[in-house]
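Heads up: the structure comes next, in C-alpha cells.
Rule-based calculations on the coordinates, nothing more; no lab input. Computed from a predicted structure; not experimentally measured. All Cβ positions, even for glycine, are placed from backbone atoms using ideal geometry, and neighbour counts span all protein chains on display.
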Amino acid sequence: QVQLVESGGGLVQAGGSLRLSCAVSGRTFGSYAMGWFRQAPGKEREFVAAIRWSGVSTYYADSVKGRFTISRDNAKNTVDLQMNSMKADDTAVYYCAGGPIRLWVLRTAAQATTYDSWGQGTQVTVSS
C-alpha cells in the first residue's frame, strides 16, 4: 500500500515561488507514476503535472508549463513540485497522487482515475 503526504503549502504573493513536497511510503512499481492535481473552490479537480517513477519523463498542463517543475528526490523519497511565477489562478488545494500506468502518454497521466493513491491535500494561496 502506497501512502502519500503533502507539505509545503502556504501563502505567496503573485510572481513569487513555492515548493510542495509529497512524501512517498510503500512499494512502487516500475510502471508507477506520480502526479500533482489541484482543486479550487467551486471548480473541478484539474491536472497539474506528472512524472514517471522510472526515468525522467514528465508531463505538464498547459497552464503551468514553463512555470512549474515536477521532480523526484530519491534520497528523501519525495516527489516535489517547484512553482515559480505564481498567479492568482494557482490558488487551490494541491493533491499528490500515485498509481500504476500501463501506457505513459499525456492522456493517461493527466486522468485522475489513473491514480489509486491520494494525499490529503495542501492549501496554496496566491495573493494579487
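Listed values, structure above:
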read-out	value
Alpha carbon centroid spacing (whole Å) that separates region 1-75 from region 81-128	5 Å
Residue among T113, T91, T78 with the largest mean-square fluctuation in a Gaussian network model of the chain, springs linking Cα atoms under 10 Å	T113
Calculated [θ] (222 nm, deg cm²/dmol) that DSSP helices of n ≥ 4 give over the chain, each run adding -39,500 (n - 2.57)	-500 deg cm²/dmol
FRET efficiency, 1/(1 + (r/R0)^6) with R0 25 Å, evaluated for V56 and A112 via beta carbons	0.60
Amide H within-cut-off set for V5, under 5 Å, with H built and near neighbours excluded	A23
Nearby lysines by direct alpha-carbon distance to K43 (threshold 23 angstrom, same-chain neighbours under 8 apart not counted)	K65, K87
Share, in percent, of DSSP beta bridges within the chain that are antiparallel, nearest 5	90 percent
Under the Debye formula (equal points on every Cα, no solvent term), log10 I(q)/I(0) of region 1-73 at q = 0.14, 0.15 Å⁻¹	-0.52, -0.59
